[in-house]
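The values are calculated or read from the model by the stated rules, or taken from the named source; none is laboratory data. Since this is a predicted model, take the numbers as computed values, not measurements. When we count neighbours, we look across all protein chains shown, and the Cβ atoms used for this are built from the backbone with ideal geometry, even at glycine.
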Amino acid sequence: MLRPYAVVPAILFLAIAGCATLIDTDQARICRTVIPALNPAGSVLTLGRQTPAEDHRGLRIVYRAEPPGEPSRTRFIACRFAESGGRPELTGVATERGPLGEAAFLYLKRFYLGSPEALLEDPGAPEAADVPAVPHAVAYALQQVVGGLPQAAVYGLLAAAYSLIYGLVGRIVFGFGEIAALGGYGALLGVTLAVQLGARDPLAGLAVAAALSIYAASLYGMVSGRLVVAPLVAGPGLPILIATTGLMMALSEFQRLTQGNDLRWAPPVMNAPVPLLRSGDFVTTFTPIALLVTVVSFAAGAALLVVMRRTRFGRAWRAFADDPGAAALFGVDSRRIFLATFALSSALAGLAGFVITAYWGGVGFGYGLTLGLKALVAAIIGGIGSVGGGLAGGVVIGLAEALWSATMPLESRDIAIYALLSITLGLRPGGLFGWRDLLPRRV
C-alpha cells in the first residue's frame, strides 16, 4: 500500500496538468511554410495568433498579408495533420476562402513543402541579420558545442547516479539506463495529459512531465533498491551484478510489452531555432527547449554537489562511504542512507529521461541499454565513486561525441568513445577526478 507522500504528489501533478494548450512546433513550422505559397510573390507577411485545433490534430494561424501595391488584410490558414511514424503529416489546408482543392493540395505537398525554397520563405524563420558575424570555424564549433550540451547533460546525470551508489557501497548497480527510459515514458505521459486536458503554457506541460518522470523513476528505484539490492549489499559484488542485470532486462521487457517496439513521440515544444552567430549563409542557432533542459540539468548537478557537501544527508553519505562501521556507531542508519541514495540516483535517471523526451521528442524501450553503457563509461572516466567526477565525465563524453560526429565518420563514434575509456584507464585507473587506485575509497 502506497503511503500518502507517494500518492499526494501524483494527484497534485494531475491537477497542475489541468492548468497547463500546447502548440506542436513541427506542425506550426509546416503550416507556416504553406502561407507564402497562398499569397502573391513579394507579399509582406506578419504572423499573428496561433491556436491549436480542439482535437490537437492541427492548428490555425492568423496573419496579415500585404501584397505589392495593395493594402494589407487579415487572413488565416488552418492545417490538419495525421501522425506518420510519430511525425506530423499534412492532410488538409483551409483558408478564409474554404478548403484547398485536392489537385492544389497534392501539388503543394509534392513539389513545394520540404523544398529549400519553402524553408527559406518560412515567415516564422529566425532572422540572422542582427547577430554577430564570426569566422566559419567559430560558428561551426559553437554549433557543435550547443548541440552536444543536452547529450552531455543526460550522460552527466546518469553517471552521477552510478557514482552515488558505487561511492557509497563499492558496487556497480546496473539498470539506470532503463530507469531513464521509464522516466522518459513518465514525461511522455505528463505531456500527453497536459495536451489532452488543455495547456496554455508549454512550461506548465514540461513541469508536469518533469515531475512525473522524476516521481516514477524514484519510486521504482526505491522499491527495487529495497527489495532486491539492499539484501545483497553486504555480500560479494557478483550477486548484485546478476540481480541488477535481471532487473534491467525485466524493466526493458516490461516497457516493450506495454509500450510497443516503436518509439513513442511527444509533441515538440519550444523548438523554434534562435540565431546566435552567423558566418555567411551558416547560422549558429539554439532552441529554447535545448537551453531549458541544459540549464535544468546542470542546475540539478550543481544542487546535487551542494547537497553532498552541505547537508546532513551528504555528511552521512560521506561518513558511510569512508567507514560504514564507524558511521553506524555515530548514528548513521545504513538502511535509510542506502534507500535515500537509491531514490536520489533514480531521480537523477528520471530527470535524464525527461531531458530525452523533452529535447529529442521520442522515447523507446531500447534506449536504456545504450544510455546505461555510455553513462557507465562517463562515470568511470570521471572517476566512479566521485559524484562531481561523474558529472564531469558525462560532459566529457557528450562533447566528445559531438566533436567526433562533426569531424569524423559517425559509424565509428562509439569505437572512439570506448577507446577513450581504455586510454583513460591506462593512464589513470581511478578516472580523471577520482582516486588514483582502483578502489572507491582507501581502507
Where residues in the range 340-365 are in contact with a Lys or Arg (Cβ under 8 Å, 6 or more places away or on another chain) and surrounded by fewer than 24 Cβ atoms within 10 Å (Cβ to Cβ), which of them is modelled with the lowest pLDDT?
G362
Reported set for the range 168-198 where residues are closer than 20 Å to G237 by Cα, modelled with pLDDT under 90 and crowded, with 20+ Cβ neighbours inside 10 Å is L168, V169, V173, F174, G175
Are there any pairs, at least 6 apart or on different chains, whose C-beta atoms fall under 8 Å, with the first in the range 403-416 and under 16 Å from T370 (Cβ atoms) and the second among the hydrophobic types (A, V, I, L, M, F, W, C) and assigned to a loop (DSSP other than H, G, I, E, B), and if so, which?
A416/M408
Taking S386 as meeting all but one of (1) touching a Ser or Thr at 6+ places or on another chain (Cβ under 8 Å); (2) within 23 Å of V295 (Cα to Cα); (3) modelled with pLDDT of 90 or more, write down the number of the exception.
(3)
Anything in the range 47-66 that is over 30 Å from L197 (Cβ atoms) and surrounded by 15 or more Cβ atoms within 10 Å (Cβ to Cβ)? List them, or say none.
A65, E66
Checking T407 against (1) in contact with a helix residue (DSSP H, G or I) (Cβ under 7 Å, 6 or more places away or on another chain); (2) surrounded by fewer than 22 Cβ atoms within 10 Å (Cβ to Cβ); (3) more than 24 Å from T245 (Cβ to Cβ), which single condition isn't satisfied?
(1)
Give, as residue ranges, the helices (runs of 4 or more DSSP H) completely inside the range 176-284 that count at least 3 residues that are more than 24 Å from Y359 (Cβ to Cβ).
202-224, 237-259
